[in-house]
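Colleague: Right, I'll just put the structure down here and ask away after.
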2 protein chains.
Amino acid sequence: MNKPVIILVKPQLAENIGATARAMLNCGLADLRLVAPKQEFPHERANAMSVGAFDKMPPVEVFDSLEGACHDITTVYATTARKRDMVKPVMHASSAMDDLFKRAQSGEKTAILFGGERAGLDNKDISFADILITIPLNPEFSSLNLAQAVLLVSYEWSKHTFDAPDEDINYKDSIPASGEKTAELYSRLESELAAHKFFRTPEMRPTMMNNIRSMFSRMQMTEQETKTFHGIISCLTGKKGNTSQ
Amino acid sequence: MNKPVIILVKPQLAENIGATARAMLNCGLADLRLVAPKQEFPHERANAMSVGAFDKMPPVEVFDSLEGACHDITTVYATTARKRDMVKPVMHASSAMDDLFKRAQSGEKTAILFGGERAGLDNKDISFADILITIPLNPEFSSLNLAQAVLLVSYEWSKHTFDAPDEDINYKDSIPASGEKTAELYSRLESELAAHKFFRTPEMRPTMMNNIRSMFSRMQMTEQETKTFHGIISCLTGKKGNTSQ
C-alpha cells in the first residue's frame, strides 16, 4: 500500500521540519518532501527536533516547485485553516484520511500539502489539490503549529494502521476472580460484619448485603485481589496481619 | 457542561507547559493544573510557547500532590505509553473522549493526567485513575512530546465541540451550474468538436460525447465555470479572446 507523502510547501523554520518528521514517524509515515524551504536543508536544528526520525525514514526530497513535488501523485489533499473561495470538496481530517486510506489501498499515490508557518498555502498551491482538509478547532484560538497540524492529520491516518481495541479491564497476566472466589469473599465479609454488629436489624441484612455485593462487584476483582481483600478483613478484625500480598 | 481538567504531573520543562496550554486552547480546553512542576511557574519560556493562550484561560493551578489536584474530580483518566500491569479499563483516546464527554454532559467533573517528559506517570499516579487512555502509534517510534500527547487527546475531545460536517463541494458564494447551463455547454462543445473533425466516425460520436460529458460532469461546475469553459472554447477555436473571466 502506498502511504501518503507529506509535502511542506515553503516551510520557514528548520525546527518545524524536524518536528514534522517526528510527528510523521510517530504515526507511521515516512515520505517527506519539501518545496523551497526557507532555511537550507538538511539542517542541524531540524535534526535535533526530529529526535532521530530522519535516520529511520527515506531521504527527504527537496523540490523547487509544487508541480515537481507532485509529479507522481494522483490525489492531492491540502490542509487549510482559512476559508477558501475555491470550489473543492472539503473534508474533516478524519473523513479525509478514511478517503485517502481507501485510495491508498487501491494503489493510488497520495500526498497531503501543508503550507508554511506564516501564511499557509496560497491559492495557487491549493488549485493543485483535489480535496481540502479542515481540522475544526477553537475558532477563538485556532492557530496550530505546523508540526502539530501534521501530527493531527497523520494521527487520523495512523488509526487505520495502529488502531487498538478498547479493553474493558486490562487483566494482563492476572486471573479474573471466579464466582466461587468472590462468593467466598462476600460470605466471609458478611460473617465478619454480622459478628461486628454491622447489620442494625436482621431484616435489613439481605438488602445491605445486596448493596455491598453490588458495590464490590463493580471492581471486577482478580483472584489475587480477593486474597488481598481477605487480608484486609483479617487485618481489620485483628485476626492476623495482612500476609496475603 | 464541565470540560475536562488537564493535569500535568511533574512536568520537567516550562516550554512544554506553554505548548500544552496552546494545544489545550486550540481544542477548547482551558483548565490546566500542575503537580510539582520541576521549573518554577509562571515561567517566561512557558509564556513564549503558549503564544497568548494563558491570557485566555483561567489561572493555572499548581499543587504539591496529585491527591490535591484531584480533590474535586470524580473520574480520572490517565494517559500511558507503556503497558501497565494494573487492572484498569484501557481505552483508545477516541473512545475515552466519547466516554468522558458523556460523563461531562451529565455534570461529572473529569480530569486527564499526563506524566512528565522523562518517565511519564508512575504506578502510584496511575492507581488514582479510573480509566487508562492509550494512543496507538508506530511501535517503532512512539515517543510523543508531552504537548503533542495533550494535543491528540484534546483533539479527540474537541471533536464533540467543534466538529464540522464534510462538504461535498465547497460552493460558498458560487452558484452551481444548472442542467440547462451544462447541457448548453456540452452541446456547444459537441458542435465545435464536430466542426473540427474530432469524431472519427458518426457512429462513434454518441459514445465519445457520453464519455466527455461523464468526464466533465465530475467537475460539478459552477455557473461561472461554465462561462470560463465557454471562454476557453472560444479562445481555442480562435473565435475571440477569453473574455468570460
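Colleague: Hey, any hits in the stretch A:32-40 for a residue that's surrounded by 15 or more Cβ atoms within 10 Å (Cβ to Cβ) and within 8 Å of chain B (Cβ to nearest Cβ)?
Modeller: So far as the stretch A:32-40 goes, no, none of its residues is surrounded by 15 or more Cβ atoms within 10 Å (Cβ to Cβ) and within 8 Å of chain B (Cβ to nearest Cβ).
Colleague: Let me ask something else about it. Considering only the stretch B:96-138, state which residues are over 22 Å from the mean Cα position of the chain (by Cα), over 19 Å from B:Cys70 (Cβ atoms) and hydrophobic (A, V, I, L, M, F, W, C).
Modeller: B:Ala119
Colleague: Mind telling me which of the residues A:Asp98, A:Asp130 ends up being closer than 25 Å to B:Glu225 by Cβ and not aliphatic (A, V, I, L, M)?
Modeller: After ruling out the rest, the residue left standing is A:Asp130.
Colleague: Next up: Which count do you get for residues in the stretch A:1-22 that are of a type in the set (Val, Ile, Thr), surrounded by fewer than 24 Cβ atoms within 10 Å (Cβ to Cβ) and assigned to a helix (DSSP H, G or I)?
Modeller: Matching residues across the stretch A:1-22 total 0.
Colleague: Of these, A:Asp99, A:Asp55, which one is over 28 Å from B:Thr161 (Cα atoms), within 12 Å of chain B (Cβ to nearest Cβ) and part of a helix (DSSP H, G or I)?
Modeller: That would be A:Asp55, the only listed residue that is over 28 Å from B:Thr161 (Cα atoms), within 12 Å of chain B (Cβ to nearest Cβ) and part of a helix (DSSP H, G or I).
Colleague: So in the stretch B:138-164, with the set limited to residues that are among the hydroxyl-bearing types (Ser, Thr, Tyr) and surrounded by fewer than 18 Cβ atoms within 10 Å (Cβ to Cβ), which one is farthest from A:Trp157 (Cα to Cα)?
Modeller: So, considering only residues that are among the hydroxyl-bearing types (Ser, Thr, Tyr) and surrounded by fewer than 18 Cβ atoms within 10 Å (Cβ to Cβ), the one farthest from A:Trp157 (Cα to Cα) is B:Thr161.
Colleague: Could you please find all residues in the stretch A:185-207 being basic (Lys, Arg) and over 15 Å from A:Ser234 (Cβ atoms)?
Modeller: Of everything in the stretch A:185-207, those that are basic (Lys, Arg) and over 15 Å from A:Ser234 (Cβ atoms) turn out to be A:Lys197, A:Arg200, A:Arg205.
Yes/no per residue for (1) at negative phi; (2) in contact with a strand residue (DSSP E or B) (Cβ under 7 Å, 6 or more places away or on another chain):
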| site | (1), (2) |
| --- | --- |
| A:Leu8 | yes, yes |
| A:Val51 | no, no |
| A:Lys56 | yes, no |
| A:Thr75 | yes, yes |
| A:Asp98 | yes, no |
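Colleague: Continuing with this model, one more query. Would you call A:Leu113 at the interface with chain B (Cβ under 7 Å from one of its Cβ atoms) and closer than 30 Å to B:Met49 by Cα?
Modeller: In short, no.
Colleague: Just for the stretch B:127-137: of the residues that are surrounded by fewer than 21 Cβ atoms within 10 Å (Cβ to Cβ) and more than 7 Å from chain A (Cβ to nearest Cβ), which one is modelled with the highest pLDDT?
Modeller: B:Ile131
Colleague: Something else now. Do any residues in the stretch B:111-132 that are outside any loop (DSSP other than H, G, I, E, B) have Cβ atoms under 6 Å from those of residues that are among the basic types (Lys, Arg), where the two are at least six apart or on different chains, and which pairs are they?
Modeller: The qualifying pairs are B:Gly116/B:Lys10; B:Leu132/B:Lys88.
Colleague: Quick one: B:Ala78 ticks every box in (1) more than 10 Å from chain A (Cβ to nearest Cβ); (2) in a strand (DSSP E or B); (3) in contact with an Asp or Glu (Cβ under 6 Å, 6 or more places away or on another chain) except a single one, so which number is it?
Modeller: Result: B:Ala78 passes all but (3).
Colleague: Is there a residue in the stretch B:58-72 that is on the phi > 0 side of the Ramachandran plot, surrounded by fewer than 24 Cβ atoms within 10 Å (Cβ to Cβ) and not hydroxyl-bearing (Ser, Thr, Tyr)?
Modeller: Within the stretch B:58-72, not a single residue is on the phi > 0 side of the Ramachandran plot, surrounded by fewer than 24 Cβ atoms within 10 Å (Cβ to Cβ) and not hydroxyl-bearing (Ser, Thr, Tyr).
Colleague: I would also like to ask the following. Scan the stretch A:8-23 and give yes if some residue there is over 17 Å from A:Ala149 (Cα atoms) and out of contact with any Cys (no Cβ under 7 Å at 6 or more places or on another chain), otherwise no.
Modeller: No; the residues of the stretch A:8-23 include none that is over 17 Å from A:Ala149 (Cα atoms) and out of contact with any Cys (no Cβ under 7 Å at 6 or more places or on another chain).
Colleague: I would also like to ask the following. Scan the stretch B:100-118 residue by residue and report those that are buried (at least 18 other Cβ atoms within 10 Å of the Cβ) and over 23 Å from B:Val35 (Cβ atoms).
Modeller: Hit for the stretch B:100-118 is B:Phe101, nothing else.
Colleague: Mind listing whichever residues of the stretch B:141-191 are touching a strand residue (DSSP E or B) at 6+ places or on another chain (Cβ under 9 Å), more than 7 Å from chain A (Cβ to nearest Cβ) and acidic (Asp, Glu)?
Modeller: Answer for the stretch B:141-191, where residues must be touching a strand residue (DSSP E or B) at 6+ places or on another chain (Cβ under 9 Å), more than 7 Å from chain A (Cβ to nearest Cβ) and acidic (Asp, Glu): just B:Glu156.
Colleague: Of the conditions (1) without any contact (Cβ under 8 Å) to a residue 12 or more places away in the chain; (2) more than 16 Å from B:Ile7 (Cβ to Cβ), B:Leu144 satisfies every one except a single condition; which number is it?
Modeller: (1)
Colleague: Condition first: in a helix (DSSP H, G or I), away from every other protein chain (no Cβ under 14 Å) and not hydrophobic (A, V, I, L, M, F, W, C). Now tell me which residues in the stretch B:41-52 satisfy that.
Modeller: B:Glu44, B:Arg45, B:Asn47
The values are calculated or read from the model by the stated rules, or taken from the named source; none is laboratory data. Just so it is clear, the model here is predicted, and its values are computed rather than measured. Using ideal geometry, Cβ is built from the backbone for each residue, glycine included, and neighbour counts are taken over all protein chains shown.
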